[in-house]
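Bear in mind that the values in this text are calculations on the coordinates, not laboratory data. The structure presented is a predicted model; accordingly, all values stated were derived computationally and were not measured. Counting neighbours? That spans all protein chains shown, and the Cβs are built from the backbone with ideal geometry, glycine included.
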Amino acid sequence: MSDDADHQDGNALAGLLSGVFAADITTVVRRCAFCGDASPLGAHRLYRAAGLVLRCPSCSDVALRAVERDGSVSVTWAGVFEVPTPTASA
Amino acid sequence: MPPLSSERAARRVLWREAVVRDVVVETPRARTLALDVPDWPGHRAGQHLDVRLTAEDGYQAERSYSIASAPELDRVELTIELVDDGEVSPYFVEVVEPGDVFEVRGPVGGHFTWSADSGPEPLLLIAGGSGLVPLMAMVRHRAARASTVPTTLLVSARSPEDLLYADELVDAPALSIARTYTRTQPPGWTGFARRVNHDMLRAVAPAPDSGARVFVCGPTPFVELVTGLLVDLGFPPRTIHAERFGPTGGTS
């Protein structure tokens, strides 16, 4: 969608969000509430703005925002996230 | 997405101390750091880790770096390239010595990974500059497992002096390595001497309908260019995995 040169991929969020979610977020598939596209978060586009903003690779809808401050992470997200059910060995 | 219980979260978000065991000069601007990480849980080829440096005054800086070593190796290797005006990379490229200690968190990221157990589909790896690092982990893992998956590695570097792992980039059975030097070529060079384009991909890549798994890594403009070319040629977007470093080719 956008072709600016400064974004990265959702892969780069994995470390920060490993403290928030049990699943490896880069392989979690998100279905976009706006355009319906289903893509792994690792294939979403990551922008560093006021916090980290993850956008749908298809329509640029904001999928997730994460702001790290004072030892905590505030996360807001939009869309449907298919999270694998944790197993005993996870 | 259910948050973790605090006990489980504490297990996962582990910052571990890493001790630098060895430092290897790769190019004038890049070093490989071999790390001992006690209780390292193992990684998959293509994953990265986060590094945290803490200054004496308590100031902290975090960066993400791709893991260069195969999972089969008994240490974790990072190859770090100097980023102009960077805050962190000069320490790793110009200052760090064996015995130094810093914190790492990881490995993280399961999307940009390949395993010898992933299946028999061909592998197409395309690197821009230090984007070669996580792809080299895949090549090394493939070799360590004696995988016969047909593999093509295309590396774009500005000059021979900038090429990482030059001595290791040799063809092997079912492994084909192509280079393009975009600015400066060695004397007598008859290979590619331009940015990646359609013709180059047609010449080196497996057929778009071969089911190949494709991994592209490098600075964001490079990845944007290459993934666009691949889609033009008919590679299904779902088979293309991308890792963009941002505008500068590194995360400083």
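Please report the relative contact order for chain B, taking Cα pairs under 8 Å with a sequence separation of at least 6, and give it as a percent rounded to a whole number.
It rounds to 19 percent for chain B.
Report the gain in length on full extension from B:Ser118 to B:Ala174: 0.36 nm times residue separation, minus Cα-Cα distance, nm rounded to one decimal.
Working it through step by step, the gained length comes to 18.5 nm.
Using a 10 Å Cβ count of at most 11 others and DSSP loop calls, identify the longest part of chain B lacking such trypsin sites (Lys or Arg not before Pro). Write down the numbers at each step before the final one.
Values: sites that count: B:Arg183, B:Arg194.
With trypsin sites (Lys or Arg not before Pro) excluded where exposed in loops, chain B gives B:1-182 as its longest stretch.
Between helix B:132-144 and chain B, what is the angle of the helix's C-alpha long axis to the longest principal axis, kept within 0 to 90° and rounded to the nearest 10?
Here the helix axis deviates by roughly 80 degrees.
Rounded, prolate or oblate: which fits chain A, taking a ≥ b ≥ c as square roots of the Cα gyration tensor eigenvalues, rounded meaning a/c under 1.5, else prolate when a/b beats b/c?
oblate
Pairs of alpha-carbon atoms within less than 8 angstrom and 6+ residues apart define the contacts here; what relative contact order does the stretch B:172-215 have, in percent?
28 percent
Residues of B:104-115, mean number of Cβ from any other protein chain within 10 Å of their own Cβ, rounded to a whole number?
Partner-chain Cβ atoms within 10 Å, mean over residues of B:104-115: 6.
Dipole size in debye (nearest 20) for the protein assembly as shown around its Cα centre, Lys and Arg Cβ +1, Asp and Glu Cβ -1? Could the numbers behind the result be given before it?
Values: 31 positive and 43 negative charges, 190 e Å.
Here the protein assembly as shown has a charge dipole of around 920 debye.
Assign one of three labels to the stretch B:1-158, namely rounded, prolate or oblate, based on the Cα gyration tensor with a ≥ b ≥ c the square roots of its eigenvalues; rounded applies when a/c is under 1.5, prolate when it is not and a/b is larger than b/c, and oblate otherwise.
It is oblate, given that a/c is not under 1.5 and a/b is not larger than b/c.
Given B:Leu14, B:Pro150, B:Pro221, which one lies farthest toward the positive end of the charge dipole of chain B, if we put +1 on the Cβ of every Lys and Arg and -1 on the Cβ of every Asp and Glu?
Looking along the dipole axis, the top candidate is B:Pro150.
Among rounded, prolate and oblate, which fits the stretch B:126-252 when a ≥ b ≥ c are the square roots of the eigenvalues of its C-alpha gyration tensor, a/c under 1.5 means rounded, and a/b larger than b/c means prolate?
Values: a/c = 1.26, a/b = 1.08, b/c = 1.17.
In terms of gyration-tensor shape, rounded.
Which GluC sites (Glu not before Pro) from the stretch B:81-135 combine a DSSP loop assignment with at most 13 other Cβ atoms within 10 Å?
In loop regions of the stretch B:81-135 (DSSP not H, G, I, E or B), the sparsely surrounded GluC sites (Glu not before Pro) are B:Glu87.
At R0 = 41 Å, how high is the FRET efficiency between B:Val101 and B:Ala207 if r is their beta carbon distance? Nearest 0.05 is fine.
After rounding, the FRET efficiency stands at 0.25.
Determine which residues of the stretch B:160-188 fall in the zone a paramagnetic label at B:Leu233 would reach in this model, i.e. backbone nitrogen under 13 Å from the point 7 Å along Cα→Cβ.
Hits in the stretch B:160-188 for B:Leu233 at 13 Å: B:178-179.
Of A:Pro84, A:Ser58, A:Thr27, which is farthest towards the positive pole of chain A's charge dipole, taken about the Cα centre with +1 and -1 on the beta-carbons of Lys, Arg and Asp, Glu respectively?
Of A:Pro84, A:Ser58, A:Thr27, it is A:Pro84.
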